[in-house]
1. Show me the ranking of peptides 169-175, 44-50 by mean Cβ neighbours inside 10 Å, starting with the highest.
2. What lysines could a cross-link reach from LYS91, if we take a straight Cα to Cα line under 29 Å and drop same-chain neighbours fewer than 8 places away?
3. Take the solvent-accessible surface of the protein heavy atoms, probe 1.4 Å, and return the percent of it on segment 490-560 that carbon and sulfur atoms account for.
4. Could you work out the pair-distance distribution P(r) of the chain from its alpha-carbon pairs, with 10 angstrom bin width and percents rounded to whole numbers?
5. What is the dipole size for segment 158-209, taken about its Cα centre, with +1 at each Lys and Arg Cβ and -1 at each Asp and Glu Cβ, in debye to the nearest 20?
6. Quick one: 3J(HN,Hα) in Hz for segment 360-375, Karplus 6.51/-1.76/1.60 with θ = phi - 60°, rounded, Gly and Pro as x.
7. Kindly write out, for segment 529-546 in residue order, the coupling ³J(HN,Hα) from the Karplus curve 6.51 cos²θ - 1.76 cosθ + 1.60 (θ = phi - 60°), rounded to whole Hz, with x marking Gly and Pro.
8. Tell me the per residue accessible area of segment 1-73 using a 1.4 Å probe; a whole number in Å² is fine.
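The values are calculated or read from the model by the stated rules, or taken from the named source; none is laboratory data. Fair warning: this is a prediction, and the values are worked out from it, not measured in the lab. Please note: Cβ atoms are built from the backbone with ideal geometry, for glycine as well, and neighbour counts cover all protein chains shown. Quick note on the areas: whole protein, heavy atoms, side chains included, nothing else; ligands and nucleic acids left out. Shrake-Rupley method; radii C 1.70, N 1.55, O 1.52, S 1.80 Å.
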Amino acid sequence: MESPSLAKLFNPDSIAVIGASRHKEKVGNVVFRNLMATFRGKLYPVNNKAEDVEGVKAYRSVKDVPGDVDLAVVTVPRDFVPEVLEESGEKGVKAVIVITAGFREVGEVKLEEEIVSIARKHGMRLLGPNTFGVISPSYNSTFAFADVKRGNIGLVVQSGGLGVYMLDFARKSRMGISYMVSLGNQADVKEYEVIEYLAKDSMTKAIFVYLEGVSDGQKFLDVLAESAVRKPVVFLKGGRTSKGSQAAKTHTGSMAGSYEVFKAAVRTGGGILTEDLRDFLNLAKLLEFSEPISNDLLIVTNSGGHGVLTADEASRVGLNLIELPNYVKDELRRVLPPTSVPANPLDLTGDATRERYNAALKVVQDVNATKVVVVESLPFISSAEVARSVSNFKGKGVVGVVMGMDEELAMRVLESAGVPGFYFPEDAVRAISLASLRPSPRRKIRTKQPIEAALELVKGKTSLRDFEAFRLMEIYGIRTPKWGIAESEEEAVKVADQIGYPVVMKISPEEPVHKTELKGVALNVTKEQVAETYRRLSQITKRVLIQEQLTGLEIFIGGMRDTTFGHVVLVGPGGIYVDVLKMVSYGIAPIYEDEAYDMLKESKVLDMLKARRRGYDEHSLIRTLVTVSRMIVDLDVKELDLNPVFVNETGAFAADVRITFG
């Protein structure tokens with residue numbers, strides 16, 4: 001079912017181009033000619049100085065157009081945009097595409113707010129401004145080339161330039177496009193609305209999205225989780241670095257946000273995140289076709305070296321090289337020469353012919369795995385010959401990799417047959433990995449259920465003192481080392497005696513600080529050293545925190561309130577290694593135990609826990625991580641650091657806590 005608010009934007013019965021030009025080098029002329037070539041409804045050029053555009057009668061104002069106008073495409077100079085939008089609203093136009101640039105992306109925030117206000121006053125949906133246009137099944141309103149092969153891949157881009165390149169890539173690779181939506185500044189129509197629309201569109205098989213900024217994190221999460229159930233949703237993120245983020249501000253006026261948090265959001269919603277444009281486009285080639293793809297791999301090649309490289313990449317990205325069943329090995333021995341060993345990779349050897357490829361593929365065609373068929377052109381065989389053989393096994397999970405003198409012809413053979421094809425085995429393997437290992441979508445229900453005692457403890461505070469933070473941990477069932485507070489030498493000795501030696505002694509300030517940087521931490525303090533250590537630390541803060549000395553693996557757990565996606569929980573190696581190793585995994589809070597486990601794997605913490613079989617309690621750490629994720633939502637925590645959290649055979653213990661609110 002179509003979204004009513006976007007129906008006339010993508011499927012209008014009539015279109016007016018406001019700013020249609022008679023000069024072929026002008027955007028308004030290119031857009032009008034593209035619409036003439038693709039749109040079968042009523043098309044009206046609006047130009048206040050011309051009698052006609054491209055032989056079609058022109059109108060001085062959209063209000064002069066006879067009949068209804070569903071969609072207006074605006075290409076007039078920036079300062080005239082508010083006026084033409086007002087006229088469009090008075091005409092009863094349902095949607096507008098503002099191609100004109102020069103708004104928020106160059107600091108003209110008020111002008112952009114003005115055109116959004118006009119659109120909303122008249123009930124019009126506005127795409128842009130600063131957009132490259134739209135390609136839908138019924139029209140092409142871009143100022144790129146009109147000739148676009150129609151197919152089942154939907155493109156959503158926040159960059160017109162990338163949109164043009166993707167269309168060119170699609171043309172060269174004979175990939176079909178269902179939609180190409182250039183978001184521009186997202187002043188009104190947002191990325192999540194377009195994703196939702198395309199997810200419900202029967203002509204679109206997979207959605208590919210280039211984003212620089214997310215407009216509404218919670219709506220993005222909700223829509224992605226629903227959309228990813230229907231079809232693959234693939235992302236490429238711009239503005240991942242500080243320099244890229246700054247460039248995004250001047251490009252589309254976007255606040256790019258944290259890439260790691262975006263990565264966690266995509267994983268939560270069941271989307272696929274690619275790291276670069278190459279993988280993004282290669283995955284589009286793979287998903288365009290209906291070939292069944294799994295994470296189990298069988299490599300068939302005429303070059304041992306190519307087989308090794310393919311296997312290396314498969315191992316690196318987490319694919320499984322299957323073991324051939326014995327009956328398959330027996331059958332392969334009957335059809336292959338003795339020099340070809342029935343294994344995976346299956347090396348048909350350098351003198352392999354098309355007949356040998358055919359025979360091998362016939363034997364393995366029903367093996368439950370993706371078959372990556374690699375061929376290097378040699379005097380004995382051409383890539384095109386093998387491509388024709390591979391095409392005969394379409395529907396059996398085949399992916400072709402063609403290399404050598406006639407690789408371009410071979411690629412055309414594969415693409416014409418509807419079989420995914422690549423020029424490099426690494427490209428094929430990464431695309432298969434991304435397609436087959438995508439996470440399951442998960443909806444985030446953020447219902448606050450704070451504990452009453454915790455609310456009382458944090459009420460009216462912007463931060464907690466360390467002893468208050470430990471009380472909060474105890475309220476939520478997060479274990480801590482034995483601890484106590486002392487404000488005199490005598491009290492320090494008494495507390496330390498109760499805890500047992502050795503102890504850790506720390507300064508206890510009124511505000512959260514890095515205690516180590518202030519030389520405010522003393523480890524392995526014996527009974528004889530307590531009084532002297534207290535005297536030294538009390539020169540920094542009179543109050544001193546005394547704790548049980550623990551051993552184990554030091555882990556960092558953090559929490560923060562992201563400006564786009566809300567509360568996020570973090571985990572990674574702790575102590576001084578947080579800043580050195582930077583192996584931190586992010587999760588959209590609250591998380592569940594399976595998510596916590598995946599975060600431990602991603603951050604390498606799980607490997608560290610299992611190293612040397614020390615029996616460290618990983619389940620206790622998982623429960624702690626889940627509890628922290630719920631606590632930061634319950635109490636609307638701004639920032640939280642548990643560093644270190646000691647994990648040993650008896651559990652996980654938060655040894656230092658810093659927490660802020662506001």
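1. Values: 169-175: 16.3, 44-50: 20.1.
Per-residue mean Cβ counts within 10 Å order the peptides as 44-50, 169-175.
2. Cα-Cα hits under 29 Å: LYS8, LYS24, LYS26, LYS42, LYS49, LYS57, LYS63, LYS110, LYS121, LYS190.
3. Values: 1870 of 3710 Å².
Taking all protein chains in place, segment 490-560 shows 51 percent carbon and sulfur surface.
4. For the chain, the pair-distance distribution reads 3, 14, 19, 18, 17, 14, 10, 5, 1, 0.
5. I would put it at about 340 debye.
6. 5, 5, 5, 5, 9, 4, 9, 5, 6, 6, 7, 9, 8, 9, 9, 9
7. After applying 6.51 cos²θ - 1.76 cosθ + 1.60, I find 9, 4, 4, 4, 5, 4, 4, 5, 5, 5, 6, 8, 9, 4, 7, 10, 8, 10 Hz.
8. Per residue, segment 1-73 has 50 Å² of solvent-accessible surface.
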